[in-house]
Amino acid sequence: MSPDCNQIQFADGRALDFQQTRIMGILNVTPDSFSDGGRFLSIDGAVTHALRMIDEGADIIDIGGESSRPGAEPIGADEEIRRVAPVIEAIRKRSAVPISIDTYRSATAEAALSAGADMINDISALRFDADMARLAAERKVPVVLMHMQGDPTTMQSHPTYDDCVREITAFFAERIQHATAAGIERGKLILDPGIGFGKRPEDNLAILARLDEFIRFHLPLLVGASRKSFIGVADANAAANQRLGGSVAAAVIAVMNGAHIVRVHDVRETVQAIRIVNAVSRA
Ligand code: YH5
């Protein structure tokens, strides 16, 4: 990858360029997201949803088997793999779309890569599983390094910062060092400030306002604000399914302030909004 991060390269030699903003569609594969009436996981439902997001313009599908919502209960790697691997295989049969695995467990990432995933999205930035960096280095896959204060079970209990953006900047510098020392090529790294992960509402707003400060690393920036609670806070605690307008606004601001990839639930609406941003910036 060039120093001004024009693209990321997958292990098979394919690349994703950033001539245009890239849309990462969220695919939650948890029993509550695609269930046949409760406890069972529907592979078909998840695959159908992925194909729909691809049709709507998603450039990457990000698959997660464990809810990383604040306070959610962790599951084991075996259950996580059982959820995501069949869905990855089924999408891979039907589409060449780049697939990202949203996990902090190396066993899950390894199974996902074997099933056909192309990149690792690690909300712990290689901190929670000591084998993750080695796996990423060996497989030569792109890796998202996301900032989080605390861990998913406790992160929203009392997040505090002097200066959130400065602390995230220092975190990125340290994590890039860690990743490259483990043998991951610098050009495989993608940085994500981790909106909603141990952040107060004002921290999330500051991240969006000052996203351009992370451009200094000359690495692609990923932002995931879609439907997160700070959007509800700005609208009388709007429910998660009532946050489309705020989510699209957050994606637009992220792109205007330098994001290369936005991670979203509502692909069609976000693609439409981002096309306008890109068209105006070229006008
Ligand atoms: C992210 O930002 N987020 S999972 C709470 C919500 C809505 C959505 C209703 N994985 C990110 O999407 N990976 C997640 O309230 C992520 N960046 C990256 N790289 C949390 C999520 C969500 C949480």
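Ignoring the sites themselves, what is the longest stretch of the chain with no trypsin sites (Lys or Arg not before Pro) in a DSSP loop and at most 15 other beta-carbon atoms within 10 Å?
Working: sites that count: 14, 39, 140.
Longest stretch, sites excluded: 141-283.
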| Among the DSSP beta bridges whose two residues both lie in the chain, what percent are antiparallel, rounded to the nearest 5? | 15
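Let's test the formula: R0 of 35 Å, r as the Cβ-Cβ distance of residue 239 and residue 6. What FRET efficiency results, to the nearest 0.05? Write out the running numbers ahead of the final one.
Working: r = 39 Å, r/R0 = 1.12.
Computed FRET efficiency for residue 239 and residue 6: 0.35.
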| After finding the eigenvalues of the alpha carbon gyration tensor for region 96-163, what semi-axes result from the square roots of 5 times each, listed largest first in whole Å? | 26, 12, 11
| query | Among 204, 254, 77, whose Cα sits farthest toward the positive end of the charge dipole of the chain (+1 at Cβ of Lys/Arg, -1 at Cβ of Asp/Glu, about the Cα centre)? | reply | 254
| Nearest-0.05 FRET efficiency for residue 15 and residue 56, computed from C-beta distance (R0 30 Å) | 0.85
| request: Mind listing the long-range amide H neighbours of residue 15? Cut-off is under 5 Å, sequence gap 5 or more, other chains count too, H placed in the peptide plane at 1.01 Å from N. | output: 10
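Could you size up the charge dipole of region 170-221 around its Cα centre, putting +1 on the beta carbon of Lys and Arg and -1 on that of Asp and Glu, and report it in debye to the nearest 20? Walk me through the numbers on the way to the answer.
Values: 7 positive and 7 negative charges, 18 e Å.
Once rounded to the nearest 20, the dipole reads 80 debye.
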| task | Divide the volume of the convex hull of the Cα atoms of the chain by its number of residues and quote the answer in cubic angstrom per residue. | result | 124
| query | Straight-line reach from residue 199: which lysines have a Cα under 29 Å away, not including same-chain ones fewer than 8 places off? | reply | 188, 228
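Within 10 Å of each residue's Cβ, count the other Cβ atoms and sort 104, 161 from fewest upward.
On the way: 104 25, 161 16.
So the ranking, lowest neighbour count to highest, is 161, 104.
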| message | Show me, for region 168-185, the HN-Hα J-couplings you get by feeding each phi into the Karplus relation (A = 6.51, B = -1.76, C = 1.60, θ = phi - 60°), rounded to Hz, glycine and proline as x. | response | 5, 4, 5, 4, 4, 4, 5, 5, 5, 4, 4, 5, 5, 5, 7, x, 7, 4
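So what are region 137-283's ellipsoid semi-axes, whole angstrom, largest first, if each one is the square root of 5 times an eigenvalue of the alpha-carbon gyration tensor? Present the calculation step by step, with values, prior to reporting the outcome.
Working: eigenvalues 124, 83, 38 Å².
Working through the eigenvalues yields semi-axes of 25, 20, 14 Å.
A short reminder: the numbers here are calculations on the coordinates, not readings from a lab. Worth saying up front: this structure is predicted, and the values here are computed from it rather than measured. Quick reminder, even Gly has a Cβ in these numbers, built from the backbone with ideal geometry, and neighbours come from all protein chains shown.
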